[in-house]
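**Q** Pasting a structure here, questions to come.
The values are calculated or read from the model by the stated rules, or taken from the named source; none is laboratory data. Model, not experiment: these values are computed from the prediction. Every residue, glycine among them, receives a Cβ derived from its backbone with ideal geometry; neighbour counts consider all protein chains shown. With ligands, DNA and RNA removed, areas are computed over all heavy atoms of the protein, side chains included. Shrake-Rupley method; radii C 1.70, N 1.55, O 1.52, S 1.80 Å.
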Amino acid sequence: MNPIPSVAFIGGGNMANALVSGLLGQGCATSQLHVLEVSEDLREQWRTRGISVASAPDASLSSQQVWIFAVKPQQMREVVLQCKPWLKPDTLIISIAAGIALHSLSSWLGSPEQPYSNVVRCMPNTPALVRAGVTGMTAVEGLAKASKDIATGLLSAVGQVVWVDNDQAIDAVTALSGSGPAYVFLFLESLMAGAQALGLSAEQARTLALATLAGSTQLAAESTETPAVLRERVTSKGGTTAAALDVFTEQHFSTIVAQAMVAANDRAAELSKEFGR
């Protein structure tokens, strides 16, 4: 990636931890990072890593080239306004708060009449903790290429990056990859429970389920065939896989997944209405 800029993390929780670990792994110096965190316990954890911390916004923010807002949606407006006095005209703002639209961020940082334009909204996911994440990103129209490249480089430290066109697409990203790890973990739980009900030990069930999911995902990623074709190749007429898939079909598995994703997408839109004013 390009030279790593100085970065302030507004919120020092799990996602900030993942991003910092990824950046440090790519050669970023601790002196380039700063964390704003209200929890004393978390601040102490950051101090032990050699990273400067603060409990509230102060002048130290003005020296950071990038601000990454990693706080809950309901906190965003208040926190943004607290940080605003130290905003410079070229500060790059990156938000990872679900449901907070670009126009809200831009208006809070500037004004409704003259919104701030150097803003990126993104939705990473928790596999970023092991540098296997994927992040959907969108930006204010007309964002400079240099800012886009910086944002891409920072989030690429913890996985893949996919740019999308607008806030609505980020809501869809939230429903797929943002919330998606929870769907996968639920499926894993179900596979492991089912295996134990059939007589396997907890350890055997865990090993087999994790390897099956990881191997299948890798095969799908490396294959030129669609998942549908790969599924058909595993399924022999009248065989064991066909018997299992018949149950999924009878229980409307695909419909359930689609409905769950619509619910997540709609909730993201609701968050924008609730907390984006």
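**Q** Just to verify a result, which residue in the stretch 133-147, among those that are under 21 Å from A172 (Cβ atoms) and hydrophobic (A, V, I, L, M, F, W, C), is farthest from the chain's Cα centre (by Cα)? Break it down stepwise before answering.
**A** Within the stretch 133-147, the first condition is being under 21 Å from A172 (Cβ atoms), and the residues that meet it are 133-141, 143.
Those still in the list that are hydrophobic (A, V, I, L, M, F, W, C) too: 134, 137, 139-140, 143.
Numbers: V134: 7, M137: 10, A139: 15, V140: 19, L143: 21 Å.
Looking at the filtered set, the residue picked out is L143.
**Q** Okay, next question. Could you name every one of the strands (runs of 3 or more DSSP E) located completely within the stretch 13-78 that has at least 2 residues being surrounded by 13 or more Cβ atoms within 10 Å (Cβ to Cβ), of a type outside the set (S, T, Y) and touching a Phe, Trp or Tyr at 6+ places or on another chain (Cβ under 9 Å)?
**A** 33-36, 66-69
Quick grid of which residues meet (1) at pLDDT 95 or above; (2) open to solvent by less than 80 Å² (accessible area, probe 1.4 Å); (3) more than 22 Å from A260 (Cβ to Cβ); (4) part of a loop (DSSP other than H, G, I, E, B):
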site: S190; (1), (2), (3), (4): yes, yes, no, no
site: G199; (1), (2), (3), (4): yes, yes, yes, yes
site: E203; (1), (2), (3), (4): yes, no, yes, no
site: R206; (1), (2), (3), (4): yes, no, yes, no
site: G215; (1), (2), (3), (4): yes, yes, yes, no
site: A228; (1), (2), (3), (4): yes, yes, no, no
site: A244; (1), (2), (3), (4): yes, yes, no, no
site: F248; (1), (2), (3), (4): yes, no, no, no
